């Protein structure tokens, strides 16, 4: 399975905020930290889930809007050939008859050798017969070793068949919401996404901040987040990224905050406002 993870780049977000008129308007000697900053709430990941092997889609087990857990089965490709190969490999790997037969032959050869050695003490048999008994033991031991080696090879073939079969099962790389289904049962799967999943816990709060605030916002700082209507409310997010490159034309830099959303009440895609918590603002 191949998964393409897309995270909203700050340049694209900067353009969006400019178009929406969301960049902070600076007056006088520069913005105070008590002022609110404009922001956008984004998914932390957008996963375009595809298959690492080509084939025909057998079934899609989820629909748009479903919540899926990481590792949950999303879809299956047609796998009758791979399933048959797996069953054959499993039968070969679990077969014990050859090893049991070789082990019994070795045990018998050892008993015959022991008897031959005892008889040779009374000259009841020739030294050639003793040598033949020793050779039978060596051959039986080699045959047992070969049977054990063949079984190990069969187990490796089983593991390979299992891996090929597993590739026909598409699983979610993240916990999130299914936003798009690109492929239906019966369609060919090759070099295109099967579905898109967005991770909304945590959410990313992306803000484009005036350069005058550079050096005053640090990783770990805590902000209040106020989403736009109709969601509204007061949420707490922590700075996880402060860009170290200033965008010269706009005189801004990007800041990202992690916003926990374990109850999944907040949707992605909302505009919002940011303000420092009182304790952080007092430290500035």
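Right, residue 159: out of contact with any strand residue (DSSP E or B) (no Cβ under 7 Å at 6 or more places or on another chain), assigned to a helix (DSSP H, G or I), more than 14 Å from residue 96 (Cα to Cα) and at pLDDT 95 or above or not? Spelling it out, residue 159 is indeed out of contact with any strand residue (DSSP E or B) (no Cβ under 7 Å at 6 or more places or on another chain), assigned to a helix (DSSP H, G or I), more than 14 Å from residue 96 (Cα to Cα) and at pLDDT 95 or above. Residue 90 meets each of the listed conditions (1) at positive phi; (2) in contact (Cβ under 8 Å) with a residue 24 or more places away in the chain apart from (1).
Given the residues 153, 158, which is the only one that is over 20 Å from the mean Cα position of the chain (by Cα), farther than 16 Å from residue 54 by Cβ, outside the structural domain of residue 57 (by TED's automatic domain parsing) and surrounded by fewer than 18 Cβ atoms within 10 Å (Cβ to Cβ)? Show your work before the answer.
Values: 158 fails: surrounded by fewer than 18 Cβ atoms within 10 Å (Cβ to Cβ).
Residue meeting the stated conditions: 153.
Report whether or not residue 176 is closer than 26 Å to residue 57 by Cβ, exposed (fewer than 14 other Cβ atoms within 10 Å of the Cβ) and in contact (Cβ under 8 Å) with a residue 12 or more places away in the chain. Working first, answer last.
Working: closer than 26 Å to residue 57 by Cβ: yes; exposed (fewer than 14 other Cβ atoms within 10 Å of the Cβ): no; in contact (Cβ under 8 Å) with a residue 12 or more places away in the chain: yes.
It is false that residue 176 is closer than 26 Å to residue 57 by Cβ, exposed (fewer than 14 other Cβ atoms within 10 Å of the Cβ) and in contact (Cβ under 8 Å) with a residue 12 or more places away in the chain.
Being under 30 Å from residue 258 (Cα atoms) and surrounded by fewer than 16 Cβ atoms within 10 Å (Cβ to Cβ) is the filter here, so list the residues in the stretch 180-206 that pass it. Selection gives 180, 182. Counting only residues that are surrounded by fewer than 17 Cβ atoms within 10 Å (Cβ to Cβ) and modelled with pLDDT of 95 or more, the stretch 252-266 holds 2 of them. Checked against the criterion of being farther than 21 Å from residue 157 by Cβ, within 19 Å of the chain's Cα centre (by Cα) and surrounded by fewer than 18 Cβ atoms within 10 Å (Cβ to Cβ), the candidates 61, 74 yield just one match: 61. Restricting the stretch 219-244 to residues that are touching a helix residue (DSSP H, G or I) at 6+ places or on another chain (Cβ under 9 Å) and assigned to a loop (DSSP other than H, G, I, E, B) leaves a set whose member that is nearest to residue 180 (Cα to Cα) is 243. In the stretch 245-264, how many residues are in a loop (DSSP other than H, G, I, E, B) and touching a residue at least 12 places away in the same chain (Cβ under 8 Å)? The qualifying residues number 7. Restricting attention to the stretch 222-231, the residues that are more than 17 Å from residue 264 (Cβ to Cβ), touching a residue at least 12 places away in the same chain (Cβ under 8 Å) and surrounded by fewer than 22 Cβ atoms within 10 Å (Cβ to Cβ) add up to 4. Tell me whether the stretch 170-191 contains one or more residues that are outside the structural domain of residue 87 (by TED's automatic domain parsing), under 30 Å from residue 50 (Cβ atoms) and in contact with a helix residue (DSSP H, G or I) (Cβ under 9 Å, 6 or more places away or on another chain). The answer is no; no qualifying residue exists.
The values are calculated or read from the model by the stated rules, or taken from the named source; none is laboratory data. All figures in this text were calculated on a predicted structure; none of them were measured in a lab. We place every Cβ from the backbone using ideal geometry, glycine too, and count neighbours over all the protein chains shown.
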